[in-house]
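**Q** Pasting in a structure now, in structure tokens, and then I'll have a few things to ask.
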Amino acid sequence: MNKPPPSLRRWVFEPDPNPPASRLWLVSLLAILAAFLASGLIFWAYGVSPLTAYITVIQGTLFDSTGLAEVLRRFIPLVLIGSGLTLAFRAQFFNIGAEGQLLMGAVAAAGIALFVPLPAALVLPTMFVVGFLAGGAYALVAAVLKARLGVNEILTTLMFNYVASYLVIYLINGPWQGKTVRGFAYTDPFPPAAVLPTLPGTLVHWPTLILGLIMTVFLQLLLSRSVLGYELRVAGANPTAARYAGISATKVVWLVALCSGGAAGLAGVGEAAGIHQKLLDPSQISLGYGFTAVIVAYLARGNPILTIPTALLMAILFAGGDVMKVSLQMPFRVIDALSGLLLLFLIGSERLVEYRLRRKENPQ
Amino acid sequence: MNELLSVLGQAVAFGTPILLAALGEVVAERAGVVNLGVEGMMALGALAAFATAQTTGNLLLGLLMGVLVGALAAAIHALVAVTLRANQFVSGLALTALGLGVSGLLGQHFVGSPLLEPLPGAEFRIGAVLLAIGVWGVLYLTQTGLILRSVGENPGAVDVMGISVVRVRWLAVLFGGAMAGLAGSYLSLSYRPAWVDGTTAGLGWIAVALTIFVGWHPVRAILGAFFFGLLYHLAFRLQGRVPSEFLLMLPYLLVVVVLSLAALRRQQGAAPEALGLPYKRGER
Amino acid sequence: MIARIMAEPLLSLQGITKRFPGVVANDGVSLEVYPGEVLALLGENGAGKSTLVSILYGLYRPDEGEILLEGRPVQIASPSHALRQGIGLVPQHPMLVGRHSVAENLALGIGSKLFPAQRIVPLIEKIAGAYGLNIDPQAPVHTLSPGEKQRVEIVRSLLGGARILILDEPTSVLTPQEAEALFKVMRGLRSAGKSLIFISHKLEEVLAISDRITVLRRGKVVDSLLVAQASKARLSELMVGRSVSFDRKRSQPKLGQPVLQVRGLKARSSRGLEALRGVDFTLRSGEILGVAGVAGNGQSELVEVLSGLRPMESGWVELGGKTKNIRANPAELFEMGVAHIPEDRIHMGTVPSMSVAENLALRQYNQPPLAHGWFTDAQQLEANAKAKVQEYAVATPSIHTPSGLLSGGNIQKVILARELSGIPKLILAVHPTYGLDIGATEQVHQVLLDKTLQGAAVLLVSEDLEEILSLCDQVAVLYHGELKGPFAVESATRESLGLLMTGGVV
């Protein structure tokens, strides 16, 4: 009180009730940069110079044609799952089980491809439809438990990831193990009619890519232009108001579970029929797309169409993980660490968006 | 008779890490903070303990490091979810990914070289039970416990008494991390004294589910943890008769079943009122 | 200003100013509190009373001005700091842990290290005995009535050594009889030498209990006077800035056919307890029925059943000649002509993060013209919003502004515009003017009265007996799930209603 103020004007952080969108993007960008800086620490602890790691990753992905194709390949599942998850998060249904839903899609695809005799032209469409339903149904279990009993869906969907993973392991070691694979743990290769075409010389299965892009547009329209989308937004933003208006919360939860699980199922069909052409170990089918897609959806702030850029960003990260594995002999687990860091920095920085830095008169 | 004793012994041995981690989660959640990062903190603690013990040859130092690293990992959650008031569920989930990723990465150097002289397990088991009783005593008989429980129920009521809600929550989360680290240390120094990626095998998730199942009560957690340990052990015994994948699936399915049962019994009514809600003065 | 030569003021505020973005909540407020007196702080909602309380209690720092305690300037940094300096607050909404016992609540932060709840019991009993505050230290707080919770808060302040007690709108949750009991305690505290600051906007109560009155309007002190100099008319003029009529607003009603008939209605609360135990009444077109009662006696459940938010257990409800389907949901009931102005206008009546236009569509988003089949029509949505914003004079920067950024009065207008735009048969209005300023209150009342002339029946749930007595044709009281009445409004008085609200017989 008695001390004279050092200066009459000073910088203050003050709450900003109505922050502009630009600040949101700026803060997110800074958070991503900070996360990469922090991940440098992990590289360093592992014994790889952070600078070497960054350079290797950038060169191996963005400045390399095979690298770019790899990015595109990773983009496909991420954009599919991510766009579905934006809807789920909007409706406050925290589906963390995309990993398992993807695997169920892959299982469904393999089941159709290997065991259901169909006219060649119908095989792939059937695989996609059944894959969508399988992923959606798997998510629905958690949705029903949430709607009926109030069981936390984060925990259930997460547990179902592990369950799906062991189910796949059981299938490829047991009843579905290939006759022609000489004891290896995978199924027989899919017949040609069940294999997705790829861009020449790459693993980019373009039909799924197009499906993914259509999905983002479709879900965006569903959200902003349809009656269901309106119900979804009301139920997500204020469940009490939804009840008051007679909007069924159960219906909304089921819808988003079906959409997000189904989209993950489609991604699983793409991975099985486009990349591997068989069902194999779950850690090779998915590589953690489900969790990374959480970041894709989070970054897109509830807008399906914005998952196109955000999925691209995370696809670069993913392809980078591959580069690190090959060039720097780092285990692929590094992706988990990076994803975790990114998410922590992103949600941690959220608070900063609500403040602005201003030069203010000192009250003295 | 001997058979039965051995089964119970195994159940306790397996239930101990679950109990330790669940006690930490009980304390954090009683202060109103959900931490889904238990699995990650446990993995980091396990690696830190193992790596220290392996390089220095000092098991107790390893144990200390395991606890410290667990608490350090929890500090990330406290910073993001308590101080910066981000979504607690997402933050914990990210912490699990980070913990599993970092431990998997840095643990590479330690794969395939087990400890020759592991820590004895009996002390851990007795210690865990005593800790559970101790946590109960602190929660229900002391001012510290009263403040902690009040923070989880109505942080505003604590704030007006001039007690920092953020500080109480930080300490509770740090304690939770230390306990997860201790659980991890038990795994890597005593139960299976070696480093393998994924050594925690979902035990952290079971600890989170158990916390809800036992109604956030530390003494009931003892019985709950040993019950889970028993189920694990029985599943282990069924090997050969049932495909092993189904047995490995079992704990995860159990978590879902347990959560559903808890919901059916309206157990969630016992949840601390402010659980999962960030606290900001003047907002309710 | 009144000069008191007999004593030094215990507490004195000098030129307190507090600004928030866009408003000056307190503008040079000065006042004194003397030992052993009850000072009433009177003002409308939004006059700056709460801000002043928050400053005294260390929740806000004033931008300008000084607080003097026994003549010495003090800084109040936090609520606990305030209590250490002898200023205790009995908040409007109790700051208690519902699941803990009274003793646990009172031991929080001030009890001993070991067995805090056990050891504080004798202290509680001593203080409670001294001031006639009847409380059971072992009772879990969630089982207590609002009046009992208030007593716990008073004991907490006294345990902390408070010499000045601030009571923030203490009677808003009490029946007239409970309020009288509180006044008795307040008089006891006053004779023990404590100073009390009594915050209220109810004139009768202020006149009944206080020694001096300071009136706030728009953040400024407009006058401070002794109670002997004050009258209801004078105070209301000071408070509002113009003279206010206390007459009935109701003109001769045009009553028609029965719109709503309720017979033997039973329902359970969310916690499974019997909330309505056989309610009967009839409401005719053009009629306003006021339902009074202390919160938690079945009002919420009654409105929820009638609006389709809660299933009824047994009984029979006929609406506009049709028997209400037990499972009818809110959307179907709105179709049948039931408009609902909910108690919680922010969390139930609107979606704060969505635009005004989208909020105005909440009832008819899925019907033509707002939607065609599966798709919504953005143009019609805007046209609908523009028309309603104009008709109800909603002050909003744009129809695309999130409704959460509007003031309480304008949010209420958005709800009225949406609910009453059709020709509702039955309007369920729950605390429709709570927290609104006089202007907005009058507008809400006028809209409701106009709608009755167009043939709507109104069920008005309110805790404000003035509002009920000035608007309604029939009055009823809900007590423990039973409806007493309805009676013609002419036969009801504040006192008779108050008695019914506590289970008494008239």
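**Q** Identify all aspartates and glutamates with a Cα-Cα distance to C:K18 below 13 Å; exclude those on the same chain that are fewer than 8 residues away in sequence.
**A** In chain and number order, the partners are C:D27, C:D63, C:E64, C:E66.
**Q** Past the 19 angstrom mark, what percentage of all C-alpha to C-alpha distances in region A:104-186 do you count? Display every interim value, and only then the final one.
**A** Details: 1719 of 3403 pairs.
It works out to 51 percent of all Cα pairs.
**Q** If you take every DSSP beta bridge whose two residues both sit in region C:11-240, what share of them, in percent to the nearest 5, is antiparallel? Don't jump to the answer; show the numbers that get you there.
**A** Working: 22 of 40 bridges.
Approximately 55 percent, going by the DSSP bridge assignments.
**Q** Right, something else. State, to one decimal in nm², a quarter of the convex hull surface area for the C-alpha atoms of region B:44-101, i.e. the direction-averaged projected area. Don't skip to the end; give the middle numbers.
**A** Values: hull surface 15.2 nm².
Its average projected convex-hull area is 3.8 nm².
**Q** Sequence-distant or interchain residues sharing an amide H contact under 5 Å with C:T376, placed H: which?
**A** A:S226, A:V227
**Q** A further question on this structure: Name the residue, out of A:W44, A:W254, A:W206, whose mean-square fluctuation peaks in a Gaussian network model built on chain A with Cα pairs under 10 Å.
**A** Evaluated over chain A, the most mobile residue of the options is A:W44.
**Q** Explain nothing, just the number: relative contact order of chain A, from Cα pairs under 8 Å at least 6 residues apart, as a whole percent. Before the final figure, lay out the partial values.
**A** Details: 617 pairs, mean separation 134.3, N = 364.
Contact order relative to length: 37 percent.
**Q** Here's a follow-up. Can you give the Rg and Dmax of region A:50-139 based on its C-alpha atoms, in angstrom?
**A** 17.5, 54
**Q** Continuing with the same structure: Taking H placed 1.01 Å from N in the peptide plane, check which residues at least 5 places from C:I288 or on another chain put their amide H under 5 Å from its amide H.
**A** Excluding prolines and chain starts, which carry no amide H, the hits are C:V458, C:D473, C:Q474.
**Q** Okay, next question. For region A:266-364, place one equal point scatterer on every Cα, skip the solvent, and apply the Debye formula. What is log10 of I(q)/I(0) at q = 0.13, 0.16 Å⁻¹?
**A** Taking Cα atoms of region A:266-364 as identical point scatterers yields -0.59, -0.81.
**Q** Right, another one. What list of ³J(HN,Hα) couplings, whole Hz, do you get for region A:154-166 from phi and the Karplus terms 6.51, -1.76, 1.60, once you set θ to phi - 60° and write x for glycine and proline?
**A** 3J(HN,Hα) across region A:154-166, in whole Hz: 4, 5, 5, 4, 5, 4, 5, 4, 5, 4, 4, 4, 5.
**Q** Separate question: Counting pairs of alpha carbon atoms under 8 Å apart in space and at least six apart in sequence, what relative contact order in percent does region C:342-422 give?
**A** Working: 104 pairs, mean separation 32.2, N = 81.
Relative contact order here is 40 percent.
**Q** P(r) for region A:170-241: what percent of alpha-carbon pairs falls in each 10 Å bin, starting at zero?
**A** 16, 21, 22, 19, 18, 4
**Q** When chain B is treated as a GNM, springs tying every alpha-carbon pair under 10 Å, which of B:A71, B:A13, B:A31 comes out with the largest mean-square fluctuation?
**A** Among B:A71, B:A13, B:A31, the largest mean-square fluctuation in the Gaussian network model of chain B belongs to B:A13.
**Q** Something else now. Based on the Kirkwood radius over alpha-carbon pairs, what is the Stokes-Einstein translational diffusion coefficient of region A:80-301 at 25 °C with 0.890 mPa s viscosity, in µm²/s? Please list the in-between numbers first.
**A** Details: Rh = 17.6 Å.
This corresponds to a translational diffusion coefficient of 140 µm²/s.
**Q** Now for a different question. Considering only the protein assembly as shown, what is the antiparallel percent among its DSSP beta bridges, to the nearest 5?
**A** Numbers: 54 of 91 bridges.
The antiparallel fraction comes to roughly 60 percent.
**Q** Could you compute how fast region B:2-270 diffuses translationally, taking Rh as the Kirkwood radius over C-alpha pairs and applying Stokes-Einstein at 20 °C with viscosity 1.002 mPa s? Give it in µm² per second.
**A** Numbers: Rh = 18.5 Å.
The estimated diffusion coefficient comes to 116 µm²/s.
**Q** Can you list residues from other chains, or at least 5 along the same chain, whose modelled amide H is less than 5 Å from the amide H of C:Y479?
**A** C:K484
**Q** Shifting gears a bit: Using helices alone, I'd like the mean residue ellipticity at 222 nm for the protein assembly as shown: each DSSP H run of four-plus residues gives -39500 (n - 2.57), total over residue count, nearest 500. Don't skip to the answer; put the middle values down first.
**A** On the way: 42 runs with 603 residues, N = 1154.
Roughly -17000 deg cm²/dmol at 222 nm, from the helical runs in the protein assembly as shown.
**Q** What are the radius of gyration and Dmax of region C:385-506, computed over its Cα atoms and given in Å?
**A** 16.5, 53
**Q** Could you pull out the GluC sites (Glu not before Pro) across region C:56-155 that fall in loop regions by DSSP (anything but H, G, I, E, B) with no more than 15 other Cβ atoms inside 10 Å? Working shown, then result.
**A** Working: sites: C:E64, C:E66, C:E70, C:E104, C:E125, C:E148, C:E153; in loops: C:E70.
Of the GluC sites (Glu not before Pro), the ones in loops of region C:56-155 whose Cβ has at most 15 other Cβ atoms within 10 Å are C:E70.
**Q** Could you list log10 I(q)/I(0) for region B:91-230 at q = 0.18 Å⁻¹, which the Debye formula gives when each Cα is one point scatterer?
**A** Each listed q maps to, in turn, -1.18.
**Q** Please tell me the relative contact order of region C:261-344 in percent, rounded to the nearest whole number, where contacts are Cα pairs under 8 Å and at least six residues apart.
**A** Values: 106 pairs, mean separation 25.9, N = 84.
Dividing the mean separation by the residue count of region C:261-344 yields 31 percent.
**Q** Can you give the average number of partner chain beta-carbon atoms within 10 Å of each beta-carbon in peptide A:222-229, as a whole number? Before the final figure, lay out each step's value.
**A** Numbers: counts 2, 0, 2, 6, 6, 10, 4, 3.
Across A:222-229, the average partner-chain Cβ count within 10 Å equals 4.
**Q** Which log10 I(q)/I(0) values, to two decimals, does region C:390-455 give at q = 0.19, 0.20 Å⁻¹ under the Debye formula with one point per Cα?
**A** The calculated log intensity ratios at q = 0.19, 0.20 Å⁻¹ are -0.75, -0.82.
**Q** Taking all pairs of different Cα atoms in chain C, averaging 1/r and flipping that mean, what Kirkwood radius in angstroms comes out?
**A** Values: mean 1/r = 0.0403 Å⁻¹.
Evaluated over chain C, this radius sits at 24.8 Å.
**Q** Treating cross-link reach as a plain straight distance, find the lysines whose alpha-carbon is under 16 Å from the alpha-carbon of A:K278, omitting any fewer than eight places away in the same chain.
**A** Straight-line reach from A:K278, under 16 Å: A:K179.
**Q** While we're on this one: Return P(r) of region C:72-162 (all Cα-Cα pairs; 10 Å bins starting at 0; whole %; ordered from short to long distances).
**A** 17, 50, 27, 5, 0
**Q** How large is the Rg to Rh ratio of region C:112-250 when both quantities use alpha carbon positions and Rh follows Kirkwood? Kindly include the intermediate steps, with their values, before the conclusion.
**A** Numbers: Rg = 18.0 Å, Rh = 17.1 Å.
My calculation of the ratio gives 1.05.
**Q** In nm², what is the average projected area of the convex hull enclosing the Cα atoms of region C:11-240?
**A** Details: hull surface 49.9 nm².
Here the figure is 12.5 nm², rounded to one decimal.
**Q** Kindly give Rg over Rh for region B:64-143, based on alpha-carbon atoms, with the Kirkwood expression for the hydrodynamic radius.
**A** Working: Rg = 17.0 Å, Rh = 15.8 Å.
Computed over Cα atoms, the ratio is 1.08.
**Q** What are the principal axis extents of the Cα atoms in region C:1-147, in Å, biggest first?
**A** 46, 41, 29
**Q** By a straight-distance test (C-alpha under 26 Å), which lysines pair with C:K184 as possible cross-link partners, with residues fewer than eight away in the same chain excluded?
**A** C:K49, C:K126, C:K149, C:K194, C:K202, C:K232
**Q** Using a 10 angstrom Cβ neighbour count of at most 11 plus a DSSP loop assignment to flag exposed trypsin sites (Lys or Arg not before Pro), which longest range of chain C is free of such sites?
**A** Working: sites that count: C:K113, C:R242, C:R271, C:R327.
Here the longest run is C:328-506.
**Q** From largest to smallest, what semi-axes in whole angstrom does the protein assembly as shown give when each is the square root of 5 times an eigenvalue of its alpha carbon gyration tensor?
**A** 56, 37, 29
**Q** Right, here's the next one. I need the per residue convex hull volume for region A:24-68, using only the alpha carbons, in cubic angstrom as a whole number.
**A** Details: hull volume 3.3 nm³, N = 45.
Expressed per residue, the convex hull around the Cα atoms of region A:24-68 is 73 Å³.
**Q** Also, quick follow-up: Please report the spacing between the Cα centers of region B:1-24 and region C:294-310 in Å, no decimals.
**A** If you average the Cα positions of each part, the centres end up 51 Å apart.
**Q** Next question, about the same structure. Compute the normalised compactness of region C:342-422: alpha-carbon radius of gyration over 2.2 N^0.38 Å, N being the residue count.
**A** Details: Rg = 11.7 Å, N = 81, 2.2 N^0.38 = 11.7 Å.
So region C:342-422 has a normalised radius of gyration of 1.00.
Each reported figure results from applying straightforward, stated rules to the coordinates on display, with no laboratory input. Since this is a predicted model, take the numbers as computed values, not measurements. With ideal geometry, Cβ positions are generated from the backbone for all residues, glycine too; neighbour counts draw on all protein chains shown.
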